Amino acid sequence: MSTDGVRLTIEGREISSSPGTLLVDAAKRIGIDIPVFCYHPKLKPVGMCRMCLVEIGRPARDRATGQPVRNERGEPVIQFGANLETACTTQVGEGWQVRVFSGKAVDGRRAIVEYLLTSHPLDCPICDKGGECPLQNLTMEHGPGLSRFLFDEKLHLAKRLPLGELIYLDRERCIQCARCTRFQDEVAGDPVIGLSQRGRRLEIVTFSDPGFDSYFSGNSTDICPVGALTTADFRFGARPWELNAAASICPHCPVGCNLTLNTRRAAGTDGRETIKRVMPRQNERVNEIWICDKGRFAHHYAHSADRLSKPLVRQDGRLVEASWEEALERAADRLGEAGAGLLGLAGGRLTNEDLFNFRGFVEGLGGMPVLDDWMAGGDLVRQFGVYPGTNLGTLGKGDAILVIASDLHEEAPIWWLRIKQAAERGAELVVANARPTRLDSFSTHLLRYAPGDAVQAGLGLLGARTGDAKLQSSGPDRQTAAAGKALGSARNVIVLYGNEGLDYRGSEALARVCAQLLSANDHQGRPNNGLIAVWPRANTQGAWDMGLRPSAAGLSGRIEQSAAAYIVAADPVGDDPAIGQLLTGLRGLVVQDLFLSATAQLAEVVLPAQSFVEREGTFTSGERRVQRLYPALPEPPESRPDWKIIAELGGRLGLELEGRGAGQVFTRIAGQIADYAGLTYADLAATERQWPEVGGLDLYYGGTAYDNRQGLGVQLAPRPGGELPEWTATAAREPSGDLLLVPISRLYDRGVTVLASQLLGRRLAELKLAIHPEDARRLGLLGASRAEISWDGQGTTVELSIEETTPRGAGLVPRSTGLPLRQPIEVRVRPSSS
């Protein structure tokens, strides 16, 4: 036995534990499960349910001397208290003896279970939690066979109470453990639900409008130890033991949350297997045991009836169904004829395997592969990215974090949650943005800059840190100087940058400033230091790693210079209808997608691809962690994975591309992409013991999140190289219109992957222009409900919202809501005449 730490005995086993460890955790680490309901290892202990009662014996001490009392054999005399104690609120003590399974402790827990059942309905056969219910399991283990209480005395409460459109509450089943309310307060930072009334009538209520208004509400159902909280899309949908489970990676943002997809055959789908629910899969370095509600609920597009089911070719001006042979032959002819005039456009939903083959195909024909994106800096993330071993969950006192030009709560909610918690642990958090965000209230240093001036703000921080006057048009203000000092003196520094208020060149400049800020104090080359890009899509970093880049000059110019286009997982016409006129002028257009998008409707050939739930592959997260996703559903009969379609096209044109399997494509990646050298699927599937332990037989401890048996992924090491340019002060943006129209991100956008989830319909972003009251007064918009905006010969009418939080001189509009705008642009604004 180790002599370090606090020494004690639990059920006859001598252990050494760190000071401050709770008894319930110390026992768990040696494989002894102490039953709990209210306790959760991610929450503060409260001792509400009393299910963890144990006997504790402490060494007796002489009252006169304070020394331990010993018996005739020289052993310490252990005194057990008259009362049982809660293991979840009691920290380990030197020389203690703890009895978990003594008759007295077992009787105490039996009494707790009996009391809980006095107000609990006997509806296990129809309860969604049946089969994974801690109360059900602990009743079988600890509960009495017969109840001494009358059935008629049970309380009868609301059985189907919507806390919001996503979460339902069964008040009869609630055992008042307060896990859900504590999670929302302590972890999510959204105290939108709470407890009302007293005693047996204590009940959960929601304080927000819409109800349970939190991006993390679904996690409350995972940690609920009974069937009181259920999700709207899984309620009465299946029994847990009927479900199959497949590991996957969330396809919605760059965090790379680990998921488990639960599937089952369903009557409503003609007996086909379908996704019944999405659950978190533990990865303590990525998402811990949490996921956001977008990752949980925005999966219905994968089995939408609108999915492309067969190849299409254009005949007599119409798209008609065709065989794969005919479609591939025509596509190969059109793309092959283009040669060096071929434009390849790929989107960020593709896996690394897809992107690798895509680049090989387009460049093999002499064409230009382009990434459908509007943010730069992926090459700098490869050089200055976070080092292997980085874990946001370990950041705290002595560390610093900079978040600039990004609204993490909307763009990457789990990063927001983990950085919030790092700040609560004592990390210095610098938040720089042109407008307020949810992260502001947790910041140590809050910096505001004019819309579009994120680069100038970054240069101010760099100048404040280095003392280089050339970097600033004037001396740093007090807040900038303090923030620069905090970043310079920190033990570890992580910088997360976005592109809010910036065009492509602006985001490229901001990435360089952030890289320079890290290198100025050698915050690179070791864990918990480096640069993270808050990309708009899940595998944008993987696309950069595979050699794809956005078009810095814009997509329109590229199309005008091309003879044909091969567009995969992108819908440029849906983003900007004006692109459609350019595409119709090409000699060939081949589109490969999940749906008949606006772009696909113009194509000569349309090829149906597979979604992330039907195929395997890898994503590379914003932290450059390469992770595997596995197929959860059978392949649709007439669709194929993107990498395979690309390989088949290449084969018809004499290109040797790997088309046998995703694993073989990844082998080629590992052989040709230096950062991925030597990696294998087996490496990505490796796991290790994680703490806290979840997903075991004792679901009462960590909840129903899945343990990770399919892989924790591998974090790539940065590859330093190239000199950063020297900076000089740059002038602030000079307005040339009425407002700078700035597209902003909303978690629930109106993209095709979200629209199919009808549950989220009421929470989707709306096309609405937000402006400051002073700008409204200046532009004559006070009292107006709609406004007309115009730019570069285009114009539209939008709903108007006047908000104090909007930066002066800017107009904010959510992305993916119908306005063809990716980058900030100066616009003219006037009241609508309609």
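Read-outs throughout are calculated quantities, based only on the coordinates presented, and are distinct from any laboratory measurement. Predicted model, so just to flag it, every value in this text is computed and none were measured. Neighbour counts run over all protein chains shown; Cβ positions are idealised from the backbone, glycine included.
Structure summary
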| quantity | calculated |
| --- | --- |
| Label point 7 Å beyond Cα of Ala717 along Cβ direction - residues of the range 641-684 with amide nitrogen under 14 Å | 674-679 |
| Under-5 Å amide H pairs with Asp738, H placed in peptide plane, nonlocal only | Val827, Arg828, Val829 |
| Simple spin-label estimate for Lys768 and Gln601 in nanometres, 7 Å along Cα-Cβ | 2.8 |
| Dipole moment magnitude, nearest 20 debye, the range 233-329 about Cα centre, only Lys, Arg, Asp, Glu C-beta charged | 500 |
| Amide H within-cut-off set for Arg549, under 5 Å, with H built and near neighbours excluded | Leu371 |
| The range 707-824, dipole about Cα centre (Lys/Arg Cβ +1, Asp/Glu Cβ -1), debye to the nearest 20 | 460 |
| Positive-end extreme of charge dipole, the chain - chosen from Ser489, Gly256, Ala246 (charges on Cβ) | Ser489 |
| Proximal lysines to Lys397, defined as alpha-carbon separation beneath 23 angstrom and excluding residues fewer than eight positions away on the same chain | Lys42, Lys44, Lys420, Lys485 |
| Whole-Hz ³J(HN,Hα) from phi, Karplus 6.51 cos²θ - 1.76 cosθ + 1.60, for the range 319-333, glycine and proline x | 7, 10, 5, 8, 6, 4, 4, 5, 5, 5, 5, 5, 4, 4, 4 |
| Inter-part distance where the range 660-708 and the range 592-651 are each reduced to a Cα centre, Å | 21 |
| Listed peptides 633-639, 39-45 by packing density, highest first (mean Cβ within 10 Å) | 39-45, 633-639 |
| Rounded to 5, the percent of DSSP beta bridges in the range 2-112 classed as antiparallel | 90 |
| Highest average packing first - 742-752, 309-319, 250-260, Cβ atoms within 10 Å | 250-260, 742-752, 309-319 |
| Residue-averaged 222 nm ellipticity for the chain, from DSSP H runs of 4+ at -39500 (n - 2.57), nearest 500 | -6500 deg cm²/dmol |
| Residues with amide H under 5 Å from that of Ser208, placed H, sequence gap 5 or more | Asp213 |
| Potential lengthening between Arg828 and Asp333 on full extension [0.36 nm per residue; Cα-Cα distance subtracted] | 173.6 nm |
| Which of His445, Ile771, Cys180, positive extreme of dipole for the chain (C-beta unit charges) | Cys180 |
| Segments 344-356, 528-540 sorted - mean Cβ within 10 Å per residue, highest first | 344-356, 528-540 |
| FRET E, pair Thr444, Leu146, Förster distance 51 Å, beta-carbon r, rounded to 0.05 | 0.30 |
| 3J(HN,Hα) from dihedral phi, the range 19-26, Karplus parametrisation 6.51/-1.76/1.60, rounded to Hz, x for glycine, proline | x, x, 5, 6, 4, 5, 6, 4 |
| Per DSSP, loop trypsin sites (Lys or Arg not before Pro) in the range 350-412 with at most 15 further Cβ within 10 Å | Lys397 |
| GluC sites (Glu not before Pro) within the range 237-293: DSSP coil, no more than 14 neighbouring Cβ in 10 Å | none |
| Unit charges on C-beta of K, R, D, E only; dipole of the chain, Debye | 1900 |
| Inter-site label distance for Arg235 and Glu326 at 7 Å from Cα along Cβ, in nm | 4.8 |
| Note, ³J(HN,Hα) from phi for the range 744-760, Karplus 6.51, -1.76, 1.60, rounded to Hz, x at Gly and Pro | 10, 8, 10, 4, 8, 7, 10, x, 5, 6, 9, 4, 5, 8, 4, 4, 8 |
| Nearest-0.05 FRET efficiency for Leu724 and Glu363, computed from C-beta distance (R0 41 Å) | 0.90 |
| Antiparallel %, DSSP beta bridges [both residues in the chain], to 5 | 55 |
| Extension gain from His156 to Asn521, taking 0.36 nm per residue of separation minus the Cα-Cα distance | 125.0 nm |
| Among Leu371, Tyr301, Leu342 - extreme Cα towards positive end, dipole of the range 260-377, charges at beta-carbon | Tyr301 |
